[in-house]
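I have placed the structure first, in the form of structure tokens, so that the comments after it can refer back to it.
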Amino acid sequence: MARWYLGLAAVASLALVQGCAGVIVAGAAGTATMLHDRRPVTTQVEDTKLEFELSSAFSESEGLNKQSRIRVFAVNGTVLLVGQVPSSYLMDEVKRISASQVDSAKLHNELEIREPISLTTRSSDSWLSTKVRSALLADENTEFARLKIITEDGKVFLMGVVTRSEANIATEIVRNVGGVSEVVRVFEFVPEETARQ
């Protein structure tokens, strides 16, 4: 616990020097996640590797690399894809590449067939993510550190290994953040009794 406070203090100091409140939230999130993630460290490493390998596979496809926006996230081997591809042909390419690396039962393809969102929208999404993280961090009943928060075009995707009560509390908080158009849950649930151990 002492390391978490020290880490938070260091990040807060950096943020004050740089004048950036968003750094406080992001830094606190990173430190807390490392300490409280229910995934074993080896699984966290495997998820990171999976994200990298799938992202690399998409970037090797010229059509996807130049025309699409695809973001890859993994928790416990479950993969979430968010972003935009401009044609059904390219969506089929995404599905083909994904099938070679991820079990279909563990793939959540939330890509939309349309042109990639603008830089202005991406900037707005970044700010919305900061607002969501701040709202979750401020709630005493929320295990903020267990959540992965992804925002794409006003939609907020929530991932993590959580109990149903944790998921419901977090979902309700996020729904009430101004600017959130939809909350999409991609959770893996654990029993309440297991979580308390």
- Every pair of residues 6+ apart whose Cβ atoms lie under 6 Å, when the first sits in the stretch 41-70 and is over 14 Å from L81 (Cβ atoms) while the second is in a helix (DSSP H, G or I): G63/L90; N65/S59
- Could you tell me which of the residues R196, R146 is at pLDDT below 95 and touching a Gly at 6+ places or on another chain (Cβ under 7 Å)? R146
- Determine the pairs where a residue that is touching a residue at least 24 places away in the same chain (Cβ under 8 Å), located within the stretch 85-112, has a partner that is assigned to a loop (DSSP other than H, G, I, E, B) and buried (at least 17 other Cβ atoms within 10 Å of the Cβ) with Cβ atoms under 7 Å apart, the partner being 6 or more residues away or on another chain. V85/S68; V85/L111; P86/S68; L90/S68; E93/S61; V94/L111; I97/S61
- Message: Going residue by residue through the stretch 148-168, is there one that turns out to be of a type in the set (D, E), crowded, with 16+ Cβ neighbours inside 10 Å and over 29 Å from V94 (Cβ atoms)?
- Response: yes
- Query: Just checking, which of V180, V184 is in contact (Cβ under 8 Å) with a residue 40 or more places away in the chain, more than 15 Å from L81 (Cα to Cα) and not assigned by TED's automatic domain parsing to the domain that holds R71?
  - Reply: V180
- Message: Checking the structure you have, find out if any residue of the stretch 42-53 is closer than 22 Å to N168 by Cα and of a type in the set (K, R).
- Response: no
- Qualifying positions in the stretch 98-133 - under 24 Å from H36 (Cα atoms) and at pLDDT below 95: none
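Residue-by-condition table, conditions (1) hydrophobic (A, V, I, L, M, F, W, C); (2) under 14 Å from the mean Cα position of the chain (by Cα); (3) surrounded by 14 or more Cβ atoms within 10 Å (Cβ to Cβ):
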| position | (1), (2), (3) |
| --- | --- |
| V132 | yes, yes, yes |
| A138 | yes, no, no |
| T142 | no, no, yes |
| V183 | yes, yes, yes |
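The values are calculated or read from the model by the stated rules, or taken from the named source; none is laboratory data. Predicted model, so just to flag it, every value in this text is computed and none were measured. Cβ sites come from the backbone with ideal geometry, for glycine too, and all protein chains shown count toward neighbours.
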